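Below is one structure, written out as C-alpha cells; the observations come after it.
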Amino acid sequence: MSSPASAPLMRVVILGAGPAGAGAAYRLRKTHRASVTVLEAQDAVGGNAGSFEWGGQRLDYGSHRLHPACDEAVLADIRSLLSGELLNRPRHGRIRLGSSWIHFPLRPLDLALRADRAFVAATLRDLVGRLIPGNDAEGDTFASVLEANLGPAICSHFYFPYARKIWGVDPVELSAVQARRRVSAGSFGKLIRKVLSSVPGLKKPGSGRFYYPRHGYGAITEAYEAAARDAGASVMLGWRVTSLRAKESGWTVRATRAGEVRDFEADLVWSTIPITILARAVSPPPPPPILEAAQAMAFRSMILVYLRLPVDRFTEYDAHYFPSVDVRITRLSEPKIYAALEEPRGITTICAELPCSREDPWWSMSDTELGQLVAADLTTAGVPLPTDPIDVHVRRLTHAYPVYLRGYEEHFRTLDEWATALPRLLTFGRQGLFAHDNTHHTLAMAYAAVDCLSGATFDDARWATYREEFESHVVED
C-alpha cells in the first residue's frame with residue numbers, strides 16, 4: 001500500500017491569472033499538496049488589474065488602488081510578497097460637478113467653499129425631504145433606489161449621467177442591485193459619514209488613504225504569481241482555453257497557443273474567467289436555456305488612452321472624475337502620483353478611461369484620433385493639456401464592467417446554478433461571479449476557495465456561507 005506522501009498529487013487547473021487565479025495558486029501551493037497549473041490567455045498576469053511598461057514608465061489598466069478594507073490576512077501576505085514595496089498613500093483626487101471642482105474623497109470645508117450654491121441648496125432640500133415619512137419606496141431599478149435615498153439633485157448631477165457613461169444605458173434600465181453593490185454612498189446617512197470621515201477626530205483608520213505598489217498595481221498579481229511558481233505551481237501564459245470536457249473523475253481542459261493544442265487533465269477546475277465564456281467552453285454544450293442566459297448577460301468594454309506629456313506633472317491630483325455627459329471620458333489618472341515617483345524627469349503619462357461598446361465608433365478609432373478626443377474632453381472640462389503629447393498609446397478591455405440590466409438576476413441565477421452543479425468545478429472572482437468587486441474582494445474569494453478544500457474534498461456548505469458573505473461586498477470608490 002502506498003503511503004500518503006507517495007500518493008498522486010491532486011491536480012488543480014486554474015483558468016485565468018488575474019488576482020483571483022494567481023492568489024488561489026499561491027494559497028493552494030502554500031497550504032496543500034496539489035499539482036497546480038494556471039492557464040492564462042494573455043502574455044502577462046494580472047488581467048484588468050495588471051501593469052505594463054510603455055515609454056519608460058510602468059502603467060496600469062486604468063486607475064487602481066488597494067483599499068484599507070482589505071482582509072488582514074490578505075494584506076499581510078501582500079506586504080510580505082512585495083518586500084516593503086507597498087506604499088501607503090493619501091487620496092488626492094477631484095470631481096467635476098457642473099462648473100465646479102470638488103475634492104474627492106469629499107471634504108466638508110471644500111464642499112462648503114467650492115460646490116455650486118444652487119446644487120447645495122437642492123441637495124439640502126432633498127435631505128430634508130428624505131426625513132419626512134411617506135417617501136416613495138425604493139423600487140427595483142438603479143434610478144429608483146438612488147432617487148428614493150438621495151433625491152433628484154445628486155442623482156441628476158452625478159449618479160445618473162455617470163451611470164449612462166459607465167454602463168451605456170439609462171439608469172432606469174439598470175437593476176437595483178447595481179445601486180446597492182456599486183454605490184458605497186447610496187444614502188444620505190452613508191454620504192454624510194463618508195464626508196465626515198475626513199474630519200480629524202472622526203477619521204477611521206485608513207480613511208482617505210490607499211495602498212499602492214511602488215512598481216505599479218500589477219505588481220500585486222505578479223508577486224502572487226512569482227510566489228506560486230517558487231512553490232511549484234506551473235503558470236502558462238498565452239494559453240487560451242477552448243474547451244472543458246467532464247470525465248468520470250475530473251476534467252480535460254483543452255487550450256491553444258500559437259497553433260499548438262494541449263490537453264490538461266484536472267481533478268479540479270477552478271475558473272476565474274467570465275462565467276459567460278465558461279458556459280460556451282464546456283463540452284458537450286449546456287442546455288439552450290444556459291446558453292441563452294449567458295447571451296443575455298452583458299459586459300461593458302473600456303478604451304484606455306495613455307498620453308505621454310513633456311512635463312513633470314500634469315496636475316497635483318492623482319485622479320480626476322468627469323460625471324457630466326459633455327465630457328466623454330469618465331476618469332483620468334496619473335500613475336507617477338500614485339507611485340510617488342519623480343522619475344522619469346520631465347515626462348509624465350496620464351491615462352484616460354473611455355467606457356464603450358465594441359459596436360461604438362470609438363472602438364475602431366486610431367490612437368491619434370483617440371488622443372485628440374481626450375485632449376478635446378480635457379479642454380471642455382477646463383483642464384487642457386499643457387502641450388501636445390509626445391506620444392499616444394491605447395489599450396482596449398473587452399470585459400471591464402459587468403452590466404446589471406433589469407432582470408439580469410434571473411439570468412445569472414440560471415447560469416450560477418448550472419455552474420454550481422458541475423462536479424469538481426468552481427467559478428469565482430470578479431469575472432467568474434459577474435461581480436463589481438475590488439481586488440481585495442477577489443483575493444478574499446481565492447483565499448476562501450482554498451479554505452474550503454480539505455484533501456481532495458471541497459466543502460460546499462462552507463463555500464455557500466462564503467458566497468453569502470460575497471453578496472455583501474460593496475465597491476470601494
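Coordinate-derived values only; no laboratory data. Treat the numbers as computed from the prediction; the structure is a model and nothing was measured. Glycine gets a Cβ as well: all are built from the backbone with ideal geometry, and neighbour counts include every protein chain shown.
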Exercise. In segment 304-386, what GluC sites (Glu not before Pro) fall in a loop by DSSP, with at most 16 other Cβ atoms inside 10 Å?
Worked result: 316, 342, 359
Seminar exercise, completed: With the charge dipole of segment 354-414 built from beta-carbon charges (+1 for Lys and Arg, -1 for Asp and Glu) about the Cα centre, the Cα from 355, 411, 375 projecting farthest to the positive end belongs to 411
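Whole-Å semi-axes of segment 369-412's equivalent ellipsoid, largest first, each the root of 5 times a Cα gyration tensor eigenvalue?
Rounded to whole Å, the semi-axes are 35, 14, 6.
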Exercise. Say a site is exposed when it is one of the trypsin sites (Lys or Arg not before Pro), sits in a DSSP loop, and has at most 15 other Cβ atoms within 10 Å; what is then the longest site-free stretch of the chain?
Worked result: 34-202
Exercise. So for 100, 51, fewest C-beta neighbours within 10 Å to most, what's the order?
Worked result: 100, 51
Seminar exercise, completed: Expressed to one decimal in nm², the mean projection of the alpha carbon convex hull of segment 2-103 is 10.5 nm²
Exercise. How large is the dipole of the chain about the Cα centre if only Lys and Arg carry +1 and Asp and Glu carry -1, each at its Cβ, rounded to the nearest 20 debye?
Worked result: 700 debye
Exercise. How high is the relative contact order of segment 254-349, in percent, counting Cα pairs under 8 Å that sit 6 or more residues apart?
Worked result: 21 percent
Exercise. Given the C-alpha centroids of segment 283-299 and segment 60-135, what is the distance between them in whole angstrom?
Worked result: 38 Å
Exercise. Where Lys and Arg each count +1 and Asp and Glu each count -1, what net charge lies around residue 339 among other residues with Cβ under 9 Å from its Cβ?
Worked result: +4
For this session: Evaluate the Debye formula for the chain with equal point scatterers sitting on the alpha carbons, no solvent, and hand back log10 of I(q)/I(0) at q = 0.10, 0.11 Å⁻¹, in q order, two decimals.
Result: -0.79, -0.96
Exercise. Of 411, 320, 157, how do they rank once you tally other Cβ atoms within 10 Å and put the fewest first?
Worked result: 157, 411, 320
Exercise. Quick one: putting +1 on the C-beta of Lys and Arg, -1 on the C-beta of Asp and Glu, what dipole do you get for segment 298-403 around its Cα centre, in Debye to the nearest 20?
Worked result: 280 debye
Seminar exercise, completed: Given Cβ charges of +1 for Lys and Arg and -1 for Asp and Glu, the option among 264, 474, 249 whose Cα lies farthest towards the positive end of the dipole of the chain is 474
Problem set entry | Separation of alpha-carbon centers, segment 225-265 and segment 411-434, rounded to whole Å | 19 Å
Problem set entry | Where only alpha carbons of segment 298-403 are counted, the Rg and the Dmax (Å) | 13.6, 42
Exercise. With r defined as the distance between the Cβ atoms of residue 472 and residue 417 and R0 fixed at 25 Å, what FRET efficiency is calculated, to the nearest 0.05?
Worked result: 0.75
Seminar exercise, completed: Between residue 368 and residue 311, Cβ-based FRET efficiency (R0 30 Å, step 0.05) works out to 0.90
Exercise. How far, in nm, would the chain grow between residue 340 and residue 295 when pulled straight, counting 0.36 nm per residue and subtracting the alpha carbon separation?
Worked result: 11.9 nm
For this session: Name the residues whose placed amide hydrogens come within less than 5 Å of the amide hydrogen of residue 61, ignoring near sequence neighbours (fewer than 5 apart) on the same chain.
Result: 50
Exercise. Using the 10 angstrom Cβ neighbour count as an exposure proxy, how do 99, 324 rank, fewest first?
Worked result: 99, 324
For this session: Provide the percentage of antiparallel DSSP beta bridges, counting only those with both residues in the chain; round to the nearest 5.
Result: 70 percent
Exercise. Relative contact order, percent, of the chain when contacts are C-alpha pairs under 8 Å separated by at least 6 residues?
Worked result: 23 percent
